Each structure stands twice: as C-alpha cells, then as structure tokens.
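Structure record follows, encoded as structure tokens.
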Amino acid sequence: MSELFPMVPKIAFEGPLSDRDLAFKHYDPSAKAIGPVGGADGNATMKDALRFSMAFWHSMTGAGIDPFGSATMQRPWDGIADPMEVARVRMRALFELTEKLSIPFFCFHDRDIAPEGATLRESDRNLDTMVAFTKDLMKSSPTKLLWGTANLFSNPRYMHGAATSPEPKVFAYAAGQVKKALEVTKELGGQNYVFWGGREGYETLLNTDMKRELDNLARFLHLAVDYAKEIGFTGQFLIEPKPMEPTKHQYDSDAAACYAFLAEYGLLAHFKLNIETNHATLAGNTIQHELRFAREHGIMGSVDANQGDELLGWDTDQFPTNLYVCTLMMYEVLKNGGLHSGGLNFDAKVRRGSFKPEDLAIAHIAGMDSMARGCAAAARMLADGALERPLAARYAHWQSGIGATIASGKEDFRSLEAFALDITDFGLASGRQECLEAVVNRYL
Ligand code: XLS
Ligand code: NI
Ligand code: NI
C-alpha cells in the first residue's frame, strides 16, 4: 500500500538535545518505564506504560472549520468524492500515523469512521463495512482500540439530548446506536467504552424536567450495562465529565457530580471516569483536582490528554505541552498505579493554522514528549517522597492523642467540648505552599 504521509518518517528517539521536529526527545517507546506504571515485574516499556492513543475525530476527520471559516487542513483524502472511500483512506492514515509515532492505541466515535446513512439500518451497514476494513488493517498492525463511543450529539435529532431527550423515539434511536457501537467496540477488541454526555444537559430549566431526564439517563446506562453483559463485552465503561458545551449545563459536569449520579443510581460498580484536562478547566477545576478526586474514589479510568487556553473559556482541545500540568497529572496517574485498561488519549486537534500534514505528527510528538517528561518528573518526586513526606507530616497529629481517638470514632461532641474548653495554643504549622511550589519546580 502506498504511503499517505510520505513526509513523516518512523519517528525515532533522539534524546533531549535533539533539535529535529520529527524526533522524540523524551518519549522512548522501548525504554523501560519508570516508577509505579512499570508493570508488576517493573519491566514494562514506556510505550506499554503511557498507553498513548490517537483520537480519530480530531486527527482524521477534523478539517479546521471554525465558526468564522471553512476547512484549512491538507489531507490525503482531499478531493475524493465517495464518502466510503474517504473513510477507508482515513482509516489507513490512522494506522500509518499511529505506527510511525509508536502510538499503541486509537479511539473513535461510530460516525467518525463511517458515514451516517438515511436510517439507522443504513448507518449500521456503512459501519459494518468499515469495521471489517479496520479489522483487516489491525491484523498486520500493532495499533489497538483503546475505546469506542457513539456520536449522540451531531445529528439534528439529538438537538434536545439523546438519553435525556423529551422525545422517547430519540431515546430509542440512541439506544439502537449505542447497542451497535458496543458490538463494534467488542468486535475490534476495544478495552473500554466511553459515554460522553454530548447534549445530555439543558439550555434552560424553563423547559426542562431535570428529574425525569436524569432518571432516563440512568435507565439508558443500566440498559447499556445489561447489554454489554449479554454480549460478553468485558471492557471498562467510562463516563467523561464536562460541565458545558454544547449545552449550557451538562449533567455530567465534573468528577464529583458524576460520582454522585453513579452512586445515586446504583451504577458505581460498572463505571469509571474518562477525565479530560480541558473539561476540568471548563468546570473551574484543575486536572489535578479531577484526577485526585477520581483516584481517591476508585474511579480513575482513562485520560483525554489535552489542554485549554488560559484566556479562552471553551474546549479548545490543544495538545498538552504545559510541563507543570503534565507533571501533576502524571503524579496522580502514578499514585493510581497507572491507568490499567485506560490510556492517555490525545483528544486534541492541531490549530487551524497548523494545516500541513506533518503538523499532525509534530503535534503528537509534542504531546507525547510532554507527558513522558511529566511522567519522569512525577516518578522522581514520588521516589524522593518530595510531596509525600511533607503531606504525611502535615496530618501527623491524626496518628496519636486526640487525633487518633477522633479518627477511631471514640469521641463525641461532649467529650470534644470538654477537651477544647481551655485550649489556647493550637500548635498550628505553616502550610508552606510557596515552599512546595518551589519543590515541584526543582523536578521539572
Ligand atoms: C468533547 C469530548 C469528546 C469525547 C468523546 O468535548 O471530549 O470528544 O471525548 O465523545
Ligand atoms: Ni474527550
Ligand atoms: Ni472535549
């Protein structure tokens, strides 16, 4: 088969001093991974441990359209009229680029990889054709499927939501679509399945029965759990929190909101989260906060590794290059013992002005090197106990005396009042924030 990206060679690791754009400076796919993601025997490679993934929608279908202008991207499928042929060329391009970049995984929405037909039946037929084509490519490729998902937001039928639409026919259609997407994800060996609540939210409460919509969303997810069981799909189910965009308020607004929803509706045993950096910042949280919350509640599943722009309040989906953020992200991932079946999926798009085909490779290299470098810094911080030791010291008083008796449930309000009545010296220690910020900087 002819190359689609002849300007992109197989990308080699050249080390931190390399000044070549098309080379890895920190991501060495075959080097041994550092720290707690190195696998049970400590022998996993960086490639196995970081579990990078390419997002089909941004890298293969993204055209550079924005509200003020049309497509800019130069791509190998430009000028091909037959939509099924476009789909095939895109899929070949995905495998070519992931292999050249040593990216072990990809992710897709059903409608990214095959054109939508006039009916669900017709769309399913297109999807089947493309799944067979993909399966064939996978036979001779190391690239695997990290997760699949269904696009329940682009088509006008989903204007008021999918599982939360006021119209039950839309609920039924969405169910049919997810049923098929689950079958396809299983067929391609997907290790997870993602639910991002595309338009599951509202524009105004004046026309919204919020309780009914949340009940319906939970019912929908239970039906998905049941069907996965029925067909023997054992991949991890993931919910991807996002607070707004496209709707004003999305029900799965952040990790804590998702946790409350899953707990209320008896879904906690079946779901983890797919946490995205730009969604965290849209929610007014840091990615560190979102990952910390997920880790401490046992629901860290996977990461959509991208970043927003500090001056723009929307989901700009840029490649992650902020080393400080990458380091604190990977710190949480390492403390979680890795992402297990999840991965670091580049839910990121090249800027509209980065329209050359090689920009796609360069952007992924930038993201991979940044995450690898963050991972190395985080592993060193952990090995040195740079943050863990001061943290333990800050809460040390819970190990003995009144701290230990409170923690073990031996105190009540009466006993605590008696203890507190004459305290004048609380022995408070400094929070040392600036000191800790400087500690982190030492490792960057
Ligand atoms: C959109 C989401 C989307 C999901 C997959 O903001 O990030 O791309 O990752 O549906
Ligand atoms: Ni995402
Ligand atoms: Ni997003």
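The values are calculated or read from the model by the stated rules, or taken from the named source; none is laboratory data. This structure is a prediction, so every number in the text was calculated from the model and none was measured. Heads up, the Cβs are rebuilt from the backbone with ideal geometry, glycines too, and the neighbour counts pull from every protein chain shown. Side chains are part of the model used for accessible areas, which takes the heavy atoms of the whole protein and leaves out ligands, DNA and RNA. Shrake-Rupley method; radii C 1.70, N 1.55, O 1.52, S 1.80 Å.
Side notes on the structure shown:
- Whichever residue in segment 59-81 is open to solvent by less than 80 Å² (accessible area, probe 1.4 Å) and of a type in the set (D, E, K, R) and, among such residues, is farthest from Phe355 (Cα to Cα): Asp66
- Residues within segment 147-205 that are without any contact (Cβ under 8 Å) to a residue 24 or more places away in the chain, surrounded by fewer than 20 Cβ atoms within 10 Å (Cβ to Cβ) and of a type in the set (A, V, I, L, M, F, W, C), tallied: 2
- Leu50 satisfies every condition listed in (1) on the phi < 0 side of the Ramachandran plot; (2) open to solvent by 20 Å² or more (accessible area, probe 1.4 Å) except (2).
- When segment 306-317 is filtered for residues that are buried (at least 18 other Cβ atoms within 10 Å of the Cβ) and away from ligand 2 (no atom under 13 Å from the Cβ), nothing remains.
- Whenever a residue of segment 111-124 is free of Cβ contacts under 8 Å to residues at least 12 places away in the same chain, its partners that are open to solvent by 70 Å² or more (accessible area, probe 1.4 Å), lying with C-beta atoms within less than 7 angstrom and at least six residues away or across chains, give the pairs Gly117/Arg125.
- Single unsatisfied condition, Glu245 versus (1) of a type in the set (Asp, Glu); (2) surrounded by fewer than 17 Cβ atoms within 10 Å (Cβ to Cβ); (3) within 19 Å of Ala224 (Cβ to Cβ): (3)
- For segment 9-23, the set of residues classified as touching an Asp or Glu at 6+ places or on another chain (Cβ under 6 Å) and open to solvent by less than 30 Å² (accessible area, probe 1.4 Å) consists of Ala23 only.
- So Gly301, is it touching a Ser or Thr at 6+ places or on another chain (Cβ under 7 Å) and within 16 Å of ligand 2 (Cβ to nearest atom): no
- Glu240 being surrounded by fewer than 22 Cβ atoms within 10 Å (Cβ to Cβ), of a type in the set (D, E, K, R), closer than 23 Å to Ser154 by Cβ and within 16 Å of ligand 2 (Cβ to nearest atom): no
- Of residues in segment 240-290 being hydrophobic (A, V, I, L, M, F, W, C) and within 13 Å of ligand 3 (Cβ to nearest atom), the one nearest to the chain's Cα centre (by Cα): Ile275
- The listed residue being of a type in the set (Phe, Trp, Tyr) and more than 16 Å from ligand 2 (Cβ to nearest atom), out of Phe153, Phe171: Phe171
- Within segment 290-334, the set of residues being acidic (Asp, Glu) and modelled with pLDDT of 95 or more comprises Glu290, Glu296, Asp304, Asp309, Asp315, Asp317, Glu332.
- Taking first residues from segment 215-242 that are free of Cβ contacts under 8 Å to residues at least 40 places away in the same chain and partners that are open to solvent by less than 50 Å² (accessible area, probe 1.4 Å) and among the aliphatic types (A, V, I, L, M), the Cβ contacts under 9 Å between residues at least 6 apart in sequence or on separate chains come to Thr234/Ala228.
- Out of Arg199, Arg125, sole residue that is more than 23 Å from Gly342 (Cβ to Cβ), within 16 Å of ligand 3 (Cβ to nearest atom) and either among the small types (Gly, Ala, Ser) or at pLDDT 95 or above (or both): Arg199
- Exclusive hit being out of contact with any Ser or Thr (no Cβ under 9 Å at 6 or more places or on another chain) and buried (at least 16 other Cβ atoms within 10 Å of the Cβ), set Arg111, Arg92: Arg92
- Matching residues, segment 258-305, being open to solvent by less than 30 Å² (accessible area, probe 1.4 Å), assigned to a helix (DSSP H, G or I) and either under 28 Å from Gly367 (Cα atoms) or within 16 Å of ligand 1 (Cβ to nearest atom) (or both): Cys258, Thr277, Asn278, His279, Ala280, Leu282, Ile287, Glu290, Leu291, Ala294
- Just one of the numbered conditions (1) in contact (Cβ under 8 Å) with a residue 60 or more places away in the chain; (2) in contact with an Asp or Glu (Cβ under 6 Å, 6 or more places away or on another chain) is not true of Ala280: (1).
- Residue list for segment 144-184, filter: assigned to a loop (DSSP other than H, G, I, E, B) and among the hydroxyl-bearing types (Ser, Thr, Tyr): Ser154, Thr164, Ser165
- Flag not set for Thr98, criterion: within 22 Å of the chain's Cα centre (by Cα), hydroxyl-bearing (Ser, Thr, Tyr) and open to solvent by 20 Å² or more (accessible area, probe 1.4 Å).
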